[in-house]
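Here is the structure we will look at, set down as structure tokens.
The values are calculated or read from the model by the stated rules, or taken from the named source; none is laboratory data. Note that this is a predicted model, so its numbers are computed, not measured. Quick reminder, even Gly has a Cβ in these numbers, built from the backbone with ideal geometry, and neighbours come from all protein chains shown. Just so you know, the surface numbers come from the protein's heavy atoms only, side chains and all, with ligands and any DNA or RNA stripped out. Shrake-Rupley method; radii C 1.70, N 1.55, O 1.52, S 1.80 Å.
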Amino acid sequence: MLLLSVTPDAKVALGDVSLWGLRFGNYVTMWSQAPLAAGLFNTLAISGSASLLSVVFGALAAYPLARLRFRGQKTFLYSLIATQTVPGTTLLLPLFVVFSWLQTLSGIQFIGNFNAIVITYMTFGLPLSTWLMVTYLRTVPRELEEAAFVDGCTRIGALFRIILPIAVPAMVVAFVFSFLVGWNDVLFASVLTRSQTETLAVTMDQFANNATGTGLPLYGQLMAAGVVSSIPVVVLYLVFQRRMVQGLSAGSVTAI
């Protein structure tokens, strides 16, 4: 993809791909062919907000699930995994109807704004975040909380002062995986957004359809757009790589 992004379209069409005669003009002209900058900003805002909220609420939900015992606990935990098996296409129409009903009832704009799409991505990211946090928190010794209780901390105080700082690796893993849910989505974003709020995936899809419909497909510009759209995720992984490895390895040996 990187090599094709710096190769002229005519050479790509002829199969003449090499390390000679490379041009970086595709990275300049692609910005004028599609609103990639707006799509990139919208995706970062939507996916970032949904991921952050999923991690926050997931941590608050995971703590009692990991520390307390109550009837229906395992059923609830396994239901979190069950929600991940439901195909997105079966949820699209019900979610659209619910948002339309809420929009009519409250007078608040949901469809077309960030509200609906952020809530939608949370419905996928929150169960995953909760499950990851539960498996991680079960590896944290209870003695740490008991020591905090002896020092006068409440359970809420122990959660924010002791448990959550220790659980940063798991929170990073949950954030990255939740972020990828929104970053890669085309289905929900194409229905719940409009031209001003559409995500990068929708912009890329429209750009690909327009580029391949011309006389000479804009292969180079498509690949350049693909490289640009991949950079934020790669940077995100590289920045949090160490924390992700810690979070995945620590929670991988815990059984329900």
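Selection of segment 90-122 for residues being under 18 Å from the mean Cα position of the chain (by Cα), over 14 Å from Ser49 (Cβ atoms) and open to solvent by 40 Å² or more (accessible area, probe 1.4 Å) yields only Leu91. Restrict the check to segment 210-222 and report whether at least one residue is part of a loop (DSSP other than H, G, I, E, B), surrounded by 14 or more Cβ atoms within 10 Å (Cβ to Cβ) and without any contact (Cβ under 8 Å) to a residue 24 or more places away in the chain. No, there is no match, as no residue in segment 210-222 is part of a loop (DSSP other than H, G, I, E, B), surrounded by 14 or more Cβ atoms within 10 Å (Cβ to Cβ) and without any contact (Cβ under 8 Å) to a residue 24 or more places away in the chain.
Taking segment 119-137 as the range and being out of contact with any Leu (no Cβ under 9 Å at 6 or more places or on another chain) and more than 30 Å from Gln103 (Cβ to Cβ) as the test, the residues that pass are Thr135, Tyr136. Criterion applied to Val17, Val55, Val12 was being open to solvent by less than 80 Å² (accessible area, probe 1.4 Å), in a helix (DSSP H, G or I), of a type in the set (Val, Ile, Thr) and at pLDDT below 85, and the one residue passing it is Val12. State whether the residues of segment 23-37 include one that is closer than 30 Å to Arg138 by Cα and among the aliphatic types (A, V, I, L, M). Looking for residues that are closer than 30 Å to Arg138 by Cα and among the aliphatic types (A, V, I, L, M), one finds none in segment 23-37, hence no.
When the residues of segment 133-142 are filtered to those that are under 17 Å from Pro165 (Cβ atoms) and part of a helix (DSSP H, G or I), the one that is most open to solvent (accessible area, probe 1.4 Å) is Arg142. Can we say Phe160 is open to solvent by 30 Å² or more (accessible area, probe 1.4 Å) and over 20 Å from Thr43 (Cα atoms)? The answer is yes for Phe160.
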